[in-house]
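Enquirer: What follows is a single structure, and I will ask about it in a moment.
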Ligand code: SF4
């Protein structure tokens, strides 16, 4: 079970809000569509789950993801914050992020965010190109993204914009236009994700029928490189494989994950972590609600790692970051010697031009980043 000692009480929490207006064809996240009738029962289950927290936690970061938290609307968001406040205290200077769909970012929603202490909104824009948004089965257009970003920035909120690449039929020129548009909007943070084809999605079924054709891998790589070149030239730091921030605007919540610090998590499909064990709640929203309300165990999955397995995972998340892994920091945090666990792999990567190693710090090169997912098997054995 996940246990938090006084010395490692989490200072970070994730809350999963599983409601969307529309299911995008590529999405396999934990969510329900057209089931707003479940919102009251979701809040009731969340209140019960929060009872797991014995003493109120003081948090440096809170992240409300989904699903679409903004689908709750201004009043629903207020209700969520009131409920969380029974067990979670937001520390002075904390980062409080809410994910939002552009269509939900009304003046009232923005005002509610400001009033509730939200500091950062992560906007699921995905593109500023009408054709790409249509292909991606999004329910908003480019002007909705522009209007939402403008409203949020005008109110002083920090904005992350999600962009997607490798959509079917998307050209490199279209990706470059998206990047240029994102930079023009003035957002402080951009996350760039390559479309993945998940089992059970409408997209994957269409791919099997031949109705949708994935981008060539070589084009995916060129698009990713265009994102790195474009955003870094515009002054963004490329600080993790998929994440770019203007100086001072890195996502502190994600950095806590990548530092393998303990975090709490609530809601269906949410995973909490005590530094060694990861417990994931049941992924079905309806099952999670029913089990919690019935007083049953709503755990979906338990991943209890040995100290060595946790250290190996720390290598992977560390190398996904552009700062890479510092040998001394790694030893102090994990209790393991980096070279004992991964010395051979690191030497191989360095010889192949996939990593640099100055004796103190190991970093993936751009070539390494492009194939990073294929490297982890060398470490996670
Ligand atoms: S809005 Fe986001 S979470 Fe909801 S279906 Fe679309 S991609 Fe998935």
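Enquirer: GNM on the chain, C-alpha springs below 10 Å: top fluctuator among 309, 126, 199?
Expert: Maximum fluctuation in the GNM of the chain, among the listed residues, is at 199.
Enquirer: In nanometres, what is the gap between the two model label sites at residue 340 and residue 21, each 7 Å from Cα along Cα-to-Cβ?
Expert: Output for this residue pair reads 5.5 nm.
Enquirer: While we're on this one: Please compute the contact order of segment 6-258 in relative form: average sequence separation of alpha-carbon pairs under 8 Å and at least six residues apart, divided by the residue count, as a percent.
Expert: 17
Enquirer: Same structure, new question: Once the Cβ-Cβ distance between residue 304 and residue 139 is put in as r, and R0 is 35 Å, what FRET efficiency do you end up with, to the nearest 0.05?
Expert: E between residue 304 and residue 139, to the nearest 0.05, is 0.30.
Enquirer: Here's a follow-up. If you stretched the chain out fully between residue 367 and residue 54, how much longer would it get, using 0.36 nm times the residue separation minus the C-alpha to C-alpha distance?
Expert: 108.0 nm
Enquirer: Mean shadow of segment 145-301, computed from the convex hull of its alpha carbons, in nm²?
Expert: Numbers: hull surface 49.1 nm².
Computing the convex hull of the Cα atoms and averaging its projections yields 12.3 nm².
Enquirer: By the gyration tensor of its Cα atoms, with a ≥ b ≥ c the square roots of the eigenvalues, what is the shape of segment 315-378: rounded for a/c under 1.5, prolate for a/b over b/c, or oblate?
Expert: Details: a/c = 1.60, a/b = 1.54, b/c = 1.04.
Prolate shape, in that a/c is at least 1.5 and a/b is the bigger ratio.
Enquirer: Please build a GNM for the chain, connecting alpha carbons under 10 Å apart, and tell me which residue among 230, 267, 359 fluctuates the most.
Expert: 359
Enquirer: For segment 272-381, calculate the relative contact order in percent as a whole number, restricting contacts to Cα pairs under 8 Å that are 6 or more residues apart.
Expert: Normalised by residue count, the contact order of segment 272-381 is 22 percent.
Enquirer: Quick check on segment 273-379: take the gyration tensor over C-alpha atoms, sort the square-rooted eigenvalues as a ≥ b ≥ c, and tell me if it's rounded (a/c under 1.5), prolate or oblate. Provide the component values of the computation, followed by the final result.
Expert: Numbers: a/c = 3.47, a/b = 2.24, b/c = 1.55.
Here segment 273-379 falls in the prolate category.
Enquirer: Normalising by the residue count of segment 315-378, find the relative contact order in percent from Cα pairs under 8 Å and 6+ residues apart. Walk me through the intermediate numbers first.
Expert: Working: 64 pairs, mean separation 22.1, N = 64.
That works out to 34 percent.
Enquirer: Taking 0.36 nm per residue of sequence separation and subtracting the Cα-Cα distance, how much length would be gained by fully extending the chain between residue 35 and residue 229, in nm to one decimal? Mind showing how you got there, number by number?
Expert: Working: separation 194, 0.36 × 194 = 69.84 nm, distance 4.19 nm.
Full extension of this stretch gives 65.6 nm more.
Enquirer: Ok, one more. Hey, rough spin-label estimate for residue 277 and residue 171, points 7 angstrom out along Cα→Cβ, what's it come to in nanometres?
Expert: In this crude spin-label approximation the distance works out to 5.5 nm.
Enquirer: Follow-up question, since we're still on this one. Please grab the % of Cα pairs in the chain that end up more than 36 Å from each other.
Expert: Everything past 36 Å amounts to 23 percent.
Enquirer: A further question follows. I want to verify a result. In a Gaussian network model of the chain, Cα cutoff 10 Å, which of these has the top mean-square fluctuation: 313, 264, 216?
Expert: Checking each option, the largest mean-square fluctuation is seen for 216.
Enquirer: Please work out the Cα center distance from segment 279-310 to segment 318-381, rounded to the nearest Å.
Expert: Cα centroid of segment 279-310 versus Cα centroid of segment 318-381: 31 Å apart.
Enquirer: For residue 154 and residue 180, FRET efficiency with R0 = 25 Å and r from the beta-carbon atoms, rounded to 0.05?
Expert: Values: r = 21 Å, r/R0 = 0.85.
So, using R0 = 25 Å, E works out to roughly 0.70.
Values in this text are rule-based calculations from the coordinates and carry no lab data. These figures come from a predicted structure and were not determined experimentally. Please note: Cβ atoms are built from the backbone with ideal geometry, for glycine as well, and neighbour counts cover all protein chains shown.
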